[in-house]
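**Student:** My questions all concern the structure below.
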Amino acid sequence: MIRVALVGNAGIGSQDHQNSMYRPAFERHPRFELVDTAEEAEVLSIAVPLAERGTAVADAIRAGKHVLADKPLAATLAEATEIERLAAAHGVVVVPAHHQRFGAALRSAIAAVRAGRVGLPWNVQCDFVVAGGDPAPTGELVNFGLYPVDVLRALLGLEVHRVHATGTPDLVTLLLDHEHGVTSTVVCGRVPALRDVPPGGLAVHRYRISGSHGVLAVDARKPALQVRTTDTFGPVWTGPGTVDVLLDVLAAGIAAGRAALGPHDAVQAQRVIEAAQRSMAVGQPVAIGQPVETGE
Amino acid sequence: MDRIGIVLVGAGFIADAHSGAIDADPRATLIGIVDADPARAAAFARKQGGIRYAPDLDTALRWPGVDAVILCTPNDTHAPLGLAVATAGKHLLVEKPLATTLADAHRLADAFEAADRVLVAAHTHRFYDYGRAVKQTISSGAIGRPVLVRLAILGGWIWPDWSAWVGDPERSGGHALHNGVHLLDLATWWLGGEPTGVYARGRKQTAAELRIYDYLEMVVSYADGATAVCEMSRAHRPGSLAQRELLVAGTAGIVEQGWDGESSLVFGEAGTTTVPAAGGNGFAAQLGAWLDAIGGAAPAMPVADAVRAVALGVAVEESIATGKPVAVTA
Ligand SMILES: NC(=O)c1ccc[n+]([C@@H]2O[C@H](COP(=O)([O-])OP(=O)(O)OC[C@H]3O[C@@H](n4cnc5c(N)ncnc54)[C@H](O)[C@@H]3O)[C@@H](O)[C@H]2O)c1
């Protein structure tokens with residue numbers, strides 16, 4: 001069993017992902033057990049306020065702990081980059097909670113695209129629209145913009161080199177230019193509460209991947225049942241939980257010394273989010289420089 | 001009441017949709033057909049039971065009983081032929097785009113204003129069942145103030161050969177003017193806002209040698225902060241693909257119609273295909289609205305909106321060429 005200590009129960013605004021997501025997932029996971037203090041733990045599950053997160057993660061790495069970090073990994077690109085460097089230097093596994101890429105439909109979509117099922121992809125369209133729940137005081141771009149950006153990276157295996165963002169921080173449209181002339185458009189944000197969508201649940205979450213030889217349409221809210229009753233009408237998710245798969249990845253990463261999802265993914269997502277913020281500020285597309293060499 | 005006598009100009013692909021609408025409307029009658037290709041004009045006239053035909057518009061404008069013209073010729077001919085219709089004092093239903101340049105669009109608007117005749121551009125999607133249903137849903141207040149439109153019209157077929165006028169940006173105005181205007185107008189009509197800027201990307205996906213973009217991503221920003229994301233494609237694979245998808249988000253709800261939103265599915269030996277539900281005839285509704293306007297009603301497709309669609313299409317082409325957002329002033 002891998003020993004885990006929970007550090008913090010806060011996030012952006014009113015978030016408590018530690019108790020709503022990570023604690024129950026650790027409790028039910030066969031490879032982990034919760035312990036009371038950081039000293040006893042091999043892994044720290046860190047969900048402290050965003051402003052303190054980068055420091056808390058860096059301190060944990062220096063103490064030789066593996067880390068599961070709430071998303072975003074850190075408040076700034078500089079902090080995320082430093083975390084990537086530190087994790088490599090200390091030989092620990094840091095997994096940022098980009099758990100949306102582990103949705104059951106998305107996992108098979110990623111495999112299908114990477115196996116050439118639609119030929120060479122040339123465009124992706126994505127909607128990531130949450131309904132209801134507490135709006136993030138940072139704006140939703142900072143809160144969950146990284147989810148679809150991370151999924152795109154997993155789908156395409158391509159970095160973003162130019163970002164144009166428009167709309168509002170609560171419902172933003174990102175126009176991304178990737179390597180090899182591939183383009184994508186992401187609508188990401190929060191709309192008001194909708195009947196039968198649990199507060200903060202995804203009202204729309206889909207991807208259309210267009211390729212030289214076909215189109216893949218992914219409704220990432222599947223697999224699900226449609227359940228209708230006298231009072232309700234809605235989907236009931238039937239796939240494995242995305243956070244459970246995230247913990248599988250963490251456990252496998254600790255065993256292997258390197259996880260399938262790591263700080264570099266957080267760094268690359270953060271680059272896009274910060275470029276999008278700059279683009280919103282100046283009303284122009286913003287170029288992203290070459291990735292910083294980390295020696296990894 | 002006398003029927004409104006109509007001359008159809010351009011006996012090509014879309015002409016049948018217009019003549020069918022005329023046949024179905026008791027207020028209108030088709031007087032004759034004009035096509036620069038005399039054989040086409042003659043064949044169309046025969047098919048219509050022997051109506052008049054001519055190879056040029058000027059001849060047709062002198063036929064007795066002509067009150068109005070429907071222009072379905074290549075896009076670059078809309079301005080010169082449309083101005084001739086205004087000069088002759090006839091009403092005009094002109095296929096989209098109103099014109100291929102903003103200057104020509106204004107010229108046409110001014111000419112019909114001066115002649116006191118009705119000018120309507122055929123933004124047919126406003127008259128399709130889905131287009132009207134979305135507009136009505138938004139107007140009912142059900143979703144609050146609309147803040148986002150996502151509209152995709154995706155096809156997998158490219159125009160027949162290298163000589164097609166549609167593939168020539170000089171003749172078609174480019175794909176943003178040719179098909180893009182459908183979506184740019186529809187999204188703007190749904191949102192009811194004032195467009196302020198456009199950012200667009202285009203691809204030449206089917207062939208590197210294309211002179212027009214067969215795939216367009218067009219993002220319009222509005223004065224009230226709303227955004228429209230419009231995709232127009234003739235670039236998709238398989239070639240048989242034909243899909244429309246829409247999502248409108250408002251301050252109190254969302255409207256969605258997926259690619260299968262009005263179709264049944266056939267799982268056949270050749271693959272899976274859609275069987276779209278029967279529905280209203282958009283071209284008939286469009287004709288009816290034009291005839292209403294000729295009769296004095298407010299036009300369902302105002303001239304200013306058609307000019308604005310051209311301005312948006314021009315801005316899209318400019319944004320693709322420069323890679324920058326372009327400010328829009330209609
Ligand atoms: N509203 C819609 O949904 C819709 C759909 C398709 C096409 N259109 C529009 O309809 C128009 C025609 O498109 P199409 O696909 O039918 O084209 P087409 O090429 O099939 O037909 C055009 C016809 O016009 C004739 N012509 C060309 N120049 C002429 C001139 N100066 N005088 C008389 N005739 C002339 C040609 O000989 C041809 O028969 C275009 O403006 C297009 O944008 C609209």
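**Student:** Give me the pairs: first residue in region A:273-296 and within 11 Å of chain B (Cβ to nearest Cβ), second residue modelled with pLDDT of 95 or more, beta-carbon distance under 6 Å, and six or more apart or on different chains, which are they?
**Tutor:** A:S279/A:V163; A:S279/A:H164; A:S279/A:A165; A:S279/A:V286; A:P285/A:R162; A:P285/A:H164; A:A287/A:R162
**Student:** Here are A:A115, A:A131: which of them is farther than 30 Å from A:A281 by Cα and either touching a residue at least 40 places away in the same chain (Cβ under 8 Å) or not aromatic (F, W, Y) (or both)?
**Tutor:** When all the criteria are applied, what remains is A:A115.
**Student:** Quick check on my filter: what residues within region A:30-43 are open to solvent by 10 Å² or more (accessible area, probe 1.4 Å) and outside any loop (DSSP other than H, G, I, E, B)?
**Tutor:** Once the filter is applied, which keeps residues that are open to solvent by 10 Å² or more (accessible area, probe 1.4 Å) and outside any loop (DSSP other than H, G, I, E, B), region A:30-43 yields A:E33, A:L34.
**Student:** Does B:L148 satisfy being within 16 Å of the ligand (Cβ to nearest atom) and buried (at least 21 other Cβ atoms within 10 Å of the Cβ)?
**Tutor:** No: the conditions fail for B:L148.
**Student:** OK, next. Can you list residue pairs whose Cβ atoms sit under 8 Å apart, with the first residue in region B:172-189 being aliphatic (A, V, I, L, M) and the second being away from the ligand (no atom under 11 Å from the Cβ) and open to solvent by 10 Å² or more (accessible area, probe 1.4 Å)? Count only pairs 6 or more apart in sequence or on different chains.
**Tutor:** Final answer for the pair search is B:A176/B:G202; B:A176/B:Y213; B:A176/B:V314; B:A176/B:E317; B:A176/B:I320; B:L177/B:V314; B:L177/B:E317.
**Student:** Tell me the helices (runs of 4 or more DSSP H) entirely within region A:44-152 that contain at least 1 residues that are within 30 Å of B:T206 (Cα to Cα) and open to solvent by less than 20 Å² (accessible area, probe 1.4 Å).
**Tutor:** Answer list for region A:44-152: A:104-114.
**Student:** Suppose we keep only residues that are surrounded by fewer than 15 Cβ atoms within 10 Å (Cβ to Cβ) and away from the ligand (no atom under 15 Å from the Cβ) within region B:24-45. Which one would you say is farthest from the other protein chains (Cβ to nearest Cβ)?
**Tutor:** Among those residues, the one meeting the criterion is B:P26.
**Student:** Related question: For residues in region B:63-87 being away from the ligand (no atom under 13 Å from the Cβ) and in contact (Cβ under 8 Å) with a residue 60 or more places away in the chain, which is nearest to B:H123 (Cα to Cα)?
**Tutor:** B:A68
**Student:** What single numbered condition from (1) open to solvent by less than 50 Å² (accessible area, probe 1.4 Å); (2) away from chain A (no Cβ under 14 Å); (3) within 18 Å of B:E317 (Cα to Cα) fails to hold for B:G131?
**Tutor:** (3)
**Student:** Now for a separate question. Do we have B:L177 as closer than 23 Å to A:Q125 by Cα, under 13 Å from the mean Cα position of the chain (by Cα) and open to solvent by less than 10 Å² (accessible area, probe 1.4 Å) here?
**Tutor:** yes
**Student:** What are the residues in region A:1-22 that are within 15 Å of the chain's Cα centre (by Cα) and either open to solvent by 20 Å² or more (accessible area, probe 1.4 Å) or within 14 Å of A:E52 (Cβ to Cβ) (or both), if any?
**Tutor:** Listed by number, the residues that qualify are A:G11, A:I12, A:H17, A:M21.
**Student:** Looking at region B:159-168, is at least one residue at pLDDT 95 or above, within 14 Å of chain A (Cβ to nearest Cβ) and either in contact with a Pro (Cβ under 7 Å, 6 or more places away or on another chain) or within 16 Å of the ligand (Cβ to nearest atom) (or both)?
**Tutor:** no
**Student:** Right, here's the next one. Would you check which residues across region B:299-320 are closer than 20 Å to B:E170 by Cβ and of a type in the set (D, E) and list them?
**Tutor:** Within region B:299-320, B:E317, B:E318 meet the criteria.
**Student:** Turning to a different aspect of this structure: Among the residues of region B:54-65, write down those that are over 26 Å from B:S163 (Cα atoms) and open to solvent by 10 Å² or more (accessible area, probe 1.4 Å).
**Tutor:** B:D58, B:T59, B:L61, B:R62, B:W63, B:P64, B:G65
**Student:** Still on this structure, I have one more. Could you say which residue among B:V85, B:V94, B:V69 is in contact with a Lys or Arg (Cβ under 6 Å, 6 or more places away or on another chain) and open to solvent by less than 30 Å² (accessible area, probe 1.4 Å)?
**Tutor:** It is B:V69.
**Student:** Quick one: count up the residues across region A:147-164 that are over 15 Å from A:R101 (Cβ atoms) and of a type in the set (K, R).
**Tutor:** Final tally of qualifying residues: 1.
**Student:** Working only within region A:216-243, note down all residues that are more than 23 Å from A:P24 (Cα to Cα), of a type outside the set (D, E) and open to solvent by less than 50 Å² (accessible area, probe 1.4 Å).
**Tutor:** A:L216, A:V218, A:G234, listed by residue number.
The values are calculated or read from the model by the stated rules, or taken from the named source; none is laboratory data. These numbers come from a predicted model, not from an experiment. Heads up, the Cβs are rebuilt from the backbone with ideal geometry, glycines too, and the neighbour counts pull from every protein chain shown. Only protein heavy atoms, including side chains, enter the accessible area calculation; ligands, DNA and RNA are left aside. Shrake-Rupley method; radii C 1.70, N 1.55, O 1.52, S 1.80 Å.
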